[in-house]
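Trainee: A single structure is presented below for examination.
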Amino acid sequence: MKLSFVDLKAQYDSIKEEVNQAMQNVIQDSAFIGGRYLKTFEQNFANYIGAQHCIGVANGTDALFIALKCLGIKEGDEVITVANSFIATSESITATGARVVFVDPDEKTYNIDVQKIEKSLTKKTKAIIPVHLYGQPADMDKVLEIAQNHNLYVIEDAAQAHGAQYKGKNIGTFGDCACFSFFPGKNLGAYGDAGAITTNNDEIANKIRMFANHGRMEKYNHEFEGINSRLDGLQAAILDVKLKHLEKWTERRRNIAKMYDEGLKNVVITPHNQNNVRHVYHLYVIKTKNREKVKNFLEGKGVSTGIHYPIPLPLLKAYSHLGYKPTDFPVSYKLKEEILSLPIHGDMSDEQVGYVIEQLRYGAKQIV
Ligand SMILES: *Cc1c(COP(=O)(O)O)cnc(C)c1O
C-alpha cells in the first residue's frame, strides 16, 4: 500500500463539480478581487466560527502580521509565543519590529506552557500569541487570565485549528484577533495561498480591512499606508464550497484519531486527550523513543510521515542572534527527537488507517 501524508487529489475528486462550477462563476463575473464571492465566504466563515467579523487576507502569515500591526505592536515591544510552532508565528512578530519571546510548550499537550508565561513577561510585553498546535486548543482560560492581569493583547494562531473548540466555544473567538491559514494542506485549504482574521471588535476589524487593502475603504482615498494582502475571489469561492464539507471532514479526522488512539495505545505515546476541547487533528502526532527507526520503517512500508517540527523555533539559524541554548527549551528540545506525524485527512479509508496501525504494531516488535 502507498499512503501519502495528505491527499488533495482525492478530496478534489469528491467535490469536483461543485468546485469547477464555483470557479466558473467567479470567472464569468470577473469577480477576481473583492466582490460577492469574497463577501459570501467571509460571512459564512464568520458564522461558522461564531465571530462578528472575518476579513480575508492573502495567507496565514500575513494574517498574523496584519493583526499585530493593527493592534499597534511595534519596535520596542515584546510578544510572547511558543517555541514549538511553524516559523510564520514568530516571523510575523519580528516583521512588526517587535521582539519575539519564546516559551517552552507543555510536555503533554505540546501547546504553550501557561505556567511559564508569567516568567517571560517584562514591561515591554504587549501581546501573547498562543498557537492551537496540531488542531488542539491551547489553555485559553489561563492565557486570557494572564493577558487580563497584565493588559496584553491575545492573538490566536488558529492556522491548524479550524472548527476546534475550547470548553464548547469555537477557537477564533477568544483573542482580540484570531488568524487562520487556508494553505492547501490545512484542514480548510484553498487552491493556493489564502488566510483570514476573525475578531469581535468592530474598530479593529475596520482597521484590518483597510490595512490589508492599502489603508483604504474607498478607491484612492487612502487614510494611512497599508499593504496589499487580499483573499482573491477564486480562492474565496473554492473555500466557500469546501467550508460546507468541513464538519464532515473534521468528524472523519476525529474518527481516524480514535482508531489510532485505540490501535496504538500500547505501542507508542498517542496524543494527550484533554477534556473540554474539540481537537480537530490537523496533525496526529505520536511520540516514540525510536522515532528515526519508526519513521524509516513506515517509509519502507509505503507510509509517508512528517515531523512537526524538527527544530524548535528559538534554535533555528534564523534566531541564532537571540543566543538561545537547547537547555533554555528542554521540552521542545526533547520533543523534536521523539515526535512523528502520521497520515490523517478526511479522505482516508478505514483500510488505510488499519494498515498504518498494523505496520506500527508489527514494526514495534522489530524495532527495539
Ligand atoms: C500554516 C501556518 C501558518 C502560516 O500560514 P500560511 O498560510 O502558510 O502563511 C502560521 N502558523 C501556523 C501554526 C501554521 O501551521
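The values are calculated or read from the model by the stated rules, or taken from the named source; none is laboratory data. Predicted, not measured: the structure shown is a model, and the values here were computed from it. Neighbour counts are summed over all protein chains in view; Cβ atoms, including those assigned to glycine, are modelled from backbone coordinates with ideal geometry. The area values use the complete protein model at the heavy-atom level, side chains included, leaving out ligands, DNA and RNA. Shrake-Rupley method; radii C 1.70, N 1.55, O 1.52, S 1.80 Å.
Trainee: Roughly what % antiparallel, to the nearest 5, for the DSSP beta bridges in the chain?
Mentor: In the chain, approximately 60 percent of DSSP beta bridges are antiparallel ones.
Trainee: Whose amide H sits under 5 Å from the amide H of T125, counting only residues 5 or more places off or on another chain, with H placed in the peptide plane?
Mentor: E78
Trainee: Right, something else. Where the accessible area of segment 8-240 is counted over protein heavy atoms with a 1.4 Å probe, how much of it, in %, is carbon and sulfur?
Mentor: Of the solvent-accessible surface of segment 8-240, carbon and sulfur hold 46 percent.
Trainee: Can you tell me the accessible area per residue over segment 262-342, all protein chains present, probe 1.4 angstrom, in square angstrom?
Mentor: 48
Trainee: Could you give each residue of segment 64-75 its phi-based ³J(HN,Hα) in whole Hz, using Karplus coefficients 6.51, -1.76, 1.60 with θ = phi - 60°, and x for Gly or Pro?
Mentor: Karplus values, whole Hz, x for Gly and Pro: 5, 4, 5, 4, 4, 4, 6, 8, x, 5, 8, 3.
Trainee: Give the separation of the Cα centroids, segment 1-26 to segment 115-150, in Å.
Mentor: The distance from the Cα centre of segment 1-26 to that of segment 115-150 comes to 37 Å.
Trainee: What does the charge dipole of the chain about its Cα centre add up to, to the nearest 20 debye, if the Cβ of each Lys and Arg holds +1 and the Cβ of each Asp and Glu holds -1?
Mentor: In total the dipole reaches around 720 debye.
Trainee: Would you mind checking which residues have amide H under 5 Å from A194's amide H? H placed 1.01 Å from N; only 5 or more apart, or other chain.
Mentor: Under 5 Å from the amide H of A194 lie the amide H atoms of G60, F182, F183, each far enough along the sequence or on another chain.
Trainee: Highest first, please rank the peptides 127-138, 167-178 by the mean number of other Cβ atoms sitting within 10 Å of their residues.
Mentor: By packing density, highest mean first, the sequence is 127-138, 167-178.
Trainee: Run the 1.4 Å probe and let me know the accessible area of E91, rounded to the nearest 10 Å².
Mentor: Roughly 80 Å² of E91 is accessible to a 1.4 Å probe.
Trainee: Further question on the same structure: Per-residue counts of other Cβ atoms within 10 Å, averaged by peptide: what ranking do you get for 25-31, 358-364, 101-107, highest first?
Mentor: So the order, starting with the most tightly packed, is 101-107, 358-364, 25-31.
Trainee: Cross-link list K186/K219; K9/K317; K116/K265; K142/K295; K293/K317; K142/K301: which exceed 31 angstrom alpha carbon to alpha carbon?
Mentor: Over 31 Å Cα-Cα: K186/K219; K9/K317; K142/K295; K142/K301.
Trainee: Let me ask another. Largest first and to the nearest Å, give the Cα extent of segment 246-365 along each principal axis.
Mentor: Sorted from largest, the Cα extents of segment 246-365 read 48, 35, 23 Å.
Trainee: What residues qualify as long-range amide H neighbours of G175, i.e. H under 5 Å apart, gap of 5 or more or another chain, H built at 1.01 Å from N?
Mentor: Correct list: E156.
Trainee: OK, next. Pop out the ³J(HN,Hα) list for segment 20-27 in order, Karplus 6.51 cos²θ - 1.76 cosθ + 1.60 with θ = phi - 60°, rounded to Hz; leave Gly and Pro as x.
Mentor: In residue order, the calculated couplings are 4, 5, 4, 5, 4, 4, 5, 5 Hz.
Trainee: Ordered by residue, what ³J(HN,Hα) values in Hz, to whole numbers, does segment 314-329 give under the Karplus form 6.51 cos²θ - 1.76 cosθ + 1.60, where θ = phi - 60° and Gly and Pro are x?
Mentor: Using θ = phi - 60°, the values come out as x, 9, 5, 4, 4, 10, 4, 5, 7, x, 6, 10, x, 5, 6, 9 Hz.
Trainee: Quick one: if you stick a label point 7 Å off each Cα along the C-beta vector at I33 and E262, how many nm between them?
Mentor: Between I33 and E262, the label points sit 5.3 nm apart.
Trainee: If you average the C-alpha positions of segment 229-297 and of segment 315-344 separately, how far apart do those two centres end up, in angstrom?
Mentor: 21
Trainee: Peptides 185-197, 329-341: what's the order by average Cβ count within 10 Å, highest mean first?
Mentor: Final packing ranking: 185-197, 329-341.
Trainee: Which lysines, on any chain, are close to K258 with Cα under 18 Å apart, when same-chain ones fewer than 8 places away are left out?
Mentor: K108, K248, K287
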